[in-house]
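All remarks here apply to the structure that follows.
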Amino acid sequence: MKAKRHINAFQGRHTEAPGSDARRSFVELRFVLEPQDAVTVRGGVLQLDCEARSDQGVPVISWKKDGVLLSAVVDERRQLLSNGSLLVQNVLHSRHHRPDEGSYQCLATLEGLGAIVSRTARVTVAGPLRVVVPTESVSAHLGDTALLRCEVTGEPMPVVRWQKNREDLPLTFDPDSRVVILPSGSLQVSRVQPPDSATYRCLAENPSSSRSGTDADLRVLPEPGLVRALTFLQRPQKVTALQGRDAVLECSASGFPNPSFYWMRGDELIQMTVMVLFFSLSLFSVPPQFLSYPSNTYAYESTDIEMECAVTGNPQPTVRWVKNGEAVIPSDYFQIVGGHLQILGLVRSDEGFYQCIAESEAGNSQAMAQLILLSGVLPSAPRDVAPVLVSSRFVRLGWRPPEETRGTVLTYTVFFSEEGINRERSVNVTEAEGLQLTVSNLRPEATYSFRVVAYNEQGPGESSEAIRLSTQPEILVPGPVENLRAEAASASSIQASWDPPSHTSGPVQSYRLLWTETSTGKEQNVEVVGLSYRMEGLKKFTEYSLRVLAVNRHGPGLSDKDMLITTLSDVPSASPQNISLEVVYSRSIKVSWQPPPANTQNGFITGYKIRHRKTGRRGEQEAIEPNNLWYLFTGLEKGSQYSFQVAAMTVNGSGPSSEWHTAETPENDLDETQVPNQPSSLHVRPLPNSIIMSWTPPLNPNILVRGYIIGYGVGSPYAETVRVDSKQRYFSIENLEPSSHYVISLKAFNNAGEGVPLYESAVTRSMSDPLDPSDDDLFHLFDKYPTPIPDTSTPMIPPVGVQAVALTSDSVRVSWADNSIPKNQKSSEVRYYSVKWKTSHSTSGKYKVNTTLSHTVTGLKPNTMYEFSVMVTKGRKSSTWSMTAHATTYEAAPSSAPKDLTVIGREGRPRAILISWQPPLEANGRITGYILYYTLDKNMPIDDWVMEPISGDRLTHQVMDLSLDTVYYFRIQAKNAKGVGPLSEPVQYRTAKVSVTEADGGVCVCVSALINHMLLISEPPIGQMRPPHGSVTPQKNSNLLVIIVVSVGAVTVVVVVIVALICTRRSSAQQRKKRATHSAGKRKGSQKDLRPPDLWIHHEEMELKNMEKPSSSAPSGPTANQRARWAARAATQVRLWAPEALVDSTVCVCVCVCQQLKVMWFSSSGADGDEASSSISTLERTLAACRATRTKMMIPMDSQPSNTRKLLHSNISHPHQEPKLYRLL
């Protein structure tokens, strides 16, 4: 039975320790008064209060800012008052220097026992106010609602009040009042009355400044009594409030009659009549609350403990732990699992006060517990451990009890390990008083190490000295096989063979072949009857360890040394990773990448193949890079988009290529006609013989920077100069004199010259005091990052040279150097590096611990700037945080669709709509445009939808010339420089209805005669989208349009009368010819010879003429199937489209189509039999399509009068298109 880890901890405040040792009591230490969030002004006085109490004396109060311990002597503006409060006089605040703004905590310390920290108080220095949009004058009808806006920004947000004719209005918010100042600052006047006509202005104030808005007049207009459309003056916005507080949702609207207001909460209707609604929101923030607290704990040295801490809140709080006021950094000894703190292998220095701090946007909270260690209660080591019996497969051990049991021994555990294998196993005795144990399942002729540990109620005691024993040789099992051979047969198989052993101790029943993947230790085996075996399904280009055991009736035999063999190489099975593109100049792009994952390389990488192509151009070009992990493409075209993909190569060939990555060269290079601006910041950190400096580039990104010039010297910055690359952001000035004052300068340069330098000074440290924690406060006074003060007298030097390089849109590689490792000497102790990163506007960061000098941070947001810093931990010592490095992740295509897609009809323009939307939540870069799709059938592939590109960042778009009484579906997607994002969900909209009436014996359809120079221009088939308007239209003969419209209007009356007469004549003739039609249907002849009577419309005279007269022998009319087939063909032949300029000038002609007179298409080729089967439904769809479009039903003829053909040939817009005359049958 395997020994379990014994966690030895006793929790509680009044429990006595087991045994005779007296237990110390827990100490009461708590805050009576904690600092609160404060807003101050530049030049003002800031006071933060703090008071703590204890039953073990008066705690000493000190303060921390942004996690760094403040010393009152380093800045005479700061004073620590006798009651523990912090007083800051003459508050400083500028754009680049904000030493007094940040997060403050007070620290209460009991000498020799520990310390606790208070809640975090946020101090904000109020900034100037800025009027975003001036207040505009408004007009409102009597009894309507008016809204005057006041948009002012500042930090903190100001309090807004209003004046009417320079007299203050009540500031209290009363929803029953007609004149209300809304929480957003706007002034709402409901049920406007004549006395409300006045001059208004808003006044905004915060602790730093006040601003007066522009005067705006409210004009009260008489109510004309006409209907006015409902217009929202203020729409509700998303609101988040603390639980138990009130939330205000603003909503204002105007119109006539006066609108009624209804509110919905989810699907529940809330009956309200006021325009502003008070209620407790379901969407609220909940400050962190503890579900379980850490409790005071007694524990013993060398044991493991766990302190519980579970929190809840909205949003979900983050949990961190603090020991004696300093942050607990995860390591081998301290582990934070699910919010709980585990401390492994307790030592005396782990005693103290531990705090679990929960933080979120809604607030922060903390819980405290004390840890006290007890000693002298564990048993000493067992004595006289010796072997009782040693066999080939087992060893029996014996021992004597410990000299000091310190309680009752509960059990003994024997730990053993085989020589050469770094893995220790354990076995427990079955009886507590047992002093012997047999360890089985050992290998013959192998050497093992054994040790024994005793356990009492408090946990495991000291271990005995380890003894080494060798098992006996196995006489009855076979010896090792001879002449073991192995050969890689392919990239995934190995052929092994062997000869029988020289001595077998009986017949060999089988052979056991075992192979192990050396990199992972994963072992597999198979029983083989013969003397060879082929192992299949192995990993490519992977080393395996092979051994063969002969098996007889006594079991498996012995084996010699394992044989190592590697499978053959193959092409890589994965593409290179972390591909990034960098536009160097307007005609060159640098492609960088990382090798494929090691387990997918399948061999030694011999080079990389890079393909590139220009967008919109066919063909690809290849380049081979044999050595580097980057390639510079030059000679590209300016202002063009290029795509790149990379594939890794082995001696076997090329592996799969990566996805295409796209970058665009700029139209012009960066400006080099002027020198660069001053670097935006410079930080220095002095050490005894060096100064580490870091900086950020100039703020203007449009001026080219080719590098930086660093100057330094004692008392002068020009004694020595160094030039570094433009990409570099840090430098270490070496070989300096200790305790010397150096002046440092930094300036950027390009071919136009050197920019303005930025100066900084630093004093190198003394050799006798390489790093003084009290001096460290001065350096970190204005640092953004919390720097834990090590609890030892010789802290570690923080990592230097921190660099952050963006690899992809969601990953950044952070690298650094550790100068605390002696040169030319490897560290014998493992060091843990904590990498912390956060966005520039975030107050909390994330952490990752590893043991190498670099780390790739993944899961970042695209197009976001991050700050990185590193801390080193060795054993119980930790350094301060390093200087920060910055990197901005690359842009990526939008990962979410535009939201709130809305379609609105245009009043008075039934064929036009206005579409609006909001940008996507995850734009991942600057939005360069949108793509709008719409269709009649939402199930069609998106490639078949009509597409309208929308450039820029506009949020509205107008679509013209849509069909009436038609359901359209709309979708939209955003795009940026990296590609397009996902499509939004379809939004349905039905246009206004067309006027359709039923006539006696037929259907009366209102159609439009769209005329443009008498040209008949083809239109897309009915049911498909017509192209968007806005294209160039003929404008030369616009005067002719008026003449045409008047002429057609006059002729319309004649057409209606003639068609009505024909319908009447046809209806009376139908009864007379019914019998003849019945007999004629029985005659022989093909239906292809049936020719219906024709009417054709002459475009000059607009008169109706008979084209052909039916012979007496011909049928009186076509059958129903024929008419349906002609109608089906007519549906596919209706082609008439007019430019947008003529849409509003069309003439509506009402044509009565009798039951016998159907719209049909006539051709000498006839109709197919398949068409007849669906003719009826086709006819119905045709008529429905006619009603839904603005086309005139006109059918092409095969034969035309000669004079008409000439007329059409003279006016046709497409010279290669067969001119068509249309007729109505």
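The values are calculated or read from the model by the stated rules, or taken from the named source; none is laboratory data. What you see is a predicted model, and the numbers here were worked out from it, not measured in a lab. Heads up, the Cβs are rebuilt from the backbone with ideal geometry, glycines too, and the neighbour counts pull from every protein chain shown. Please note that ligands, DNA and RNA were not included when accessible areas were found on the heavy atoms of the full protein model with its side chains. Shrake-Rupley method; radii C 1.70, N 1.55, O 1.52, S 1.80 Å.
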From (1) more than 30 Å from Ser569 (Cα to Cα); (2) surrounded by 15 or more Cβ atoms within 10 Å (Cβ to Cβ); (3) in contact (Cβ under 8 Å) with a residue 60 or more places away in the chain; (4) of a type outside the set (A, V, I, L, M), pick out the condition that doesn't hold for Thr673. (2)
On the given criteria, is Tyr412 within 26 Å of Tyr300 (Cα to Cα) and either touching a residue at least 12 places away in the same chain (Cβ under 8 Å) or not aromatic (Phe, Trp, Tyr) (or both)? yes
Would you check which residues across the stretch 572-606 are open to solvent by 30 Å² or more (accessible area, probe 1.4 Å), of a type in the set (A, V, I, L, M) and touching a residue at least 24 places away in the same chain (Cβ under 8 Å) and list them? Val583, Val584, Ile605
On the basis of being in contact with a Phe, Trp or Tyr (Cβ under 9 Å, 6 or more places away or on another chain), open to solvent by less than 70 Å² (accessible area, probe 1.4 Å) and outside any loop (DSSP other than H, G, I, E, B), does Ser569 make the cut? no
Is it fair to say Glu433 is acidic (Asp, Glu) and under 30 Å from Gly506 (Cα atoms)? no
Do you know which residues across the stretch 209-239 are part of a loop (DSSP other than H, G, I, E, B) and of a type in the set (Lys, Arg)? Arg235, Lys238
The stretch 497-526, residues that are over 29 Å from Asn599 (Cβ atoms), in a strand (DSSP E or B) and either of a type in the set (Gly, Ala, Ser) or out of contact with any Asp or Glu (no Cβ under 6 Å at 6 or more places or on another chain) (or both): Trp498, Ser510, Tyr511
Search the stretch 210-234 for residues that are among the basic types (Lys, Arg) and pair each with any residue that is in a strand (DSSP E or B) and open to solvent by 70 Å² or more (accessible area, probe 1.4 Å) when their beta-carbon atoms are under 9 Å apart and the residues are at least 6 apart or on different chains. Arg211/Arg130; Arg211/Glu205
If Arg485 meets every condition in (1) assigned to a loop (DSSP other than H, G, I, E, B); (2) free of Cβ contacts under 8 Å to residues at least 24 places away in the same chain apart from one, which number is that one? (1)
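Kindly provide the set of residues from the stretch 527-539 that are in contact (Cβ under 8 Å) with a residue 24 or more places away in the chain, in a loop (DSSP other than H, G, I, E, B) and open to solvent by 20 Å² or more (accessible area, probe 1.4 Å), ordered by number.
Those that are in contact (Cβ under 8 Å) with a residue 24 or more places away in the chain, in a loop (DSSP other than H, G, I, E, B) and open to solvent by 20 Å² or more (accessible area, probe 1.4 Å): Leu531, Glu536, Gly537, Lys539.
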Assuming Phe644 fulfils every condition listed in (1) assigned to a strand (DSSP E or B); (2) open to solvent by 40 Å² or more (accessible area, probe 1.4 Å); (3) under 13 Å from Ser588 (Cβ atoms) apart from one, which condition is it? (2)
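Being closer than 25 Å to Ala893 by Cα, touching a strand residue (DSSP E or B) at 6+ places or on another chain (Cβ under 7 Å) and not β-branched (Val, Ile, Thr) is the filter here; which residues of the stretch 847-862 pass it?
Scanning the stretch 847-862 gives a single hit, Leu860.
Does Thr405 satisfy the criteria of being modelled with pLDDT under 85 and either β-branched (Val, Ile, Thr) or on the phi > 0 side of the Ramachandran plot (or both)?
On the way: modelled with pLDDT under 85: yes; either β-branched (Val, Ile, Thr) or on the phi > 0 side of the Ramachandran plot (or both): yes.
Considered against the rule, which asks whether it is modelled with pLDDT under 85 and either β-branched (Val, Ile, Thr) or on the phi > 0 side of the Ramachandran plot (or both), Thr405 comes out as yes.
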Name the single residue that is farthest from Phe256 (Cα to Cα) among those in the stretch 211-234 being under 41 Å from the mean Cα position of the chain (by Cα), surrounded by fewer than 16 Cβ atoms within 10 Å (Cβ to Cβ) and of a type outside the set (A, V, I, L, M, F, W, C). Ser212
Out of the residues in the stretch 853-887 meeting the condition of being under 16 Å from Val805 (Cβ atoms), of a type in the set (Val, Ile, Thr) and not in a strand (DSSP E or B), tell me which one is most open to solvent (accessible area, probe 1.4 Å). Thr858
Given (1) touching a residue at least 12 places away in the same chain (Cβ under 8 Å); (2) in a strand (DSSP E or B), Asn83 misses just (2)
Starting from the stretch 501-522, take each residue that is under 19 Å from Ala486 (Cβ atoms) and list its partners that are open to solvent by 40 Å² or more (accessible area, probe 1.4 Å) and among the aromatic types (Phe, Trp, Tyr), counting only C-beta distances under 6 angstrom and pairs at least six apart or across chains. Leu513/Tyr533
Top-ranked residue in the stretch 55-79 [being part of a strand (DSSP E or B) and either over 16 Å from Leu107 (Cβ atoms) or at pLDDT 85 or above (or both); ranked as most open to solvent (accessible area, probe 1.4 Å)]: Val60
Hey, could you check the stretch 109-143 for residues that are in a strand (DSSP E or B) and under 30 Å from Arg348 (Cβ atoms) and say which is most open to solvent (accessible area, probe 1.4 Å)? Thr109
Is it the case that the stretch 575-583 has a residue that's among the acidic types (Asp, Glu) and closer than 30 Å to Lys727 by Cβ? yes
Hey, among the residues in the stretch 103-160 that are without any contact (Cβ under 8 Å) to a residue 40 or more places away in the chain and not charged (D, E, K, R), which one's nearest to Val189 (Cα to Cα)? Val133
Being open to solvent by 70 Å² or more (accessible area, probe 1.4 Å) and not in a loop (DSSP other than H, G, I, E, B) is the filter here; which residues of the stretch 647-670 pass it? Glu664
Exactly one of (1) more than 36 Å from the chain's Cα centre (by Cα); (2) assigned to a strand (DSSP E or B) is unmet by Gln105. Its number? (1)
Close pairs (8 angstrom Cβ cut-off, 6 or more residues apart or separate chains): modelled with pLDDT of 85 or more and open to solvent by 10 Å² or more (accessible area, probe 1.4 Å) in the stretch 286-300, assigned to a strand (DSSP E or B) and of a type in the set (Val, Ile, Thr) anywhere: Pro288/Val311; Pro288/Thr312; Gln289/Val311; Gln289/Thr312; Phe290/Val311; Leu291/Val311; Leu291/Thr312; Asn296/Ile372
Which residue pairs have Cβ atoms closer than 6 Å, lie 6 or more positions apart in sequence or on different chains, and pair a first residue in the stretch 698-724 that is in a strand (DSSP E or B) with a second residue that is at pLDDT below 85 and aromatic (Phe, Trp, Tyr)? Gly711/Tyr718
Quick one: how many residues across the stretch 540-561 are open to solvent by 80 Å² or more (accessible area, probe 1.4 Å) and at pLDDT 90 or above? 0
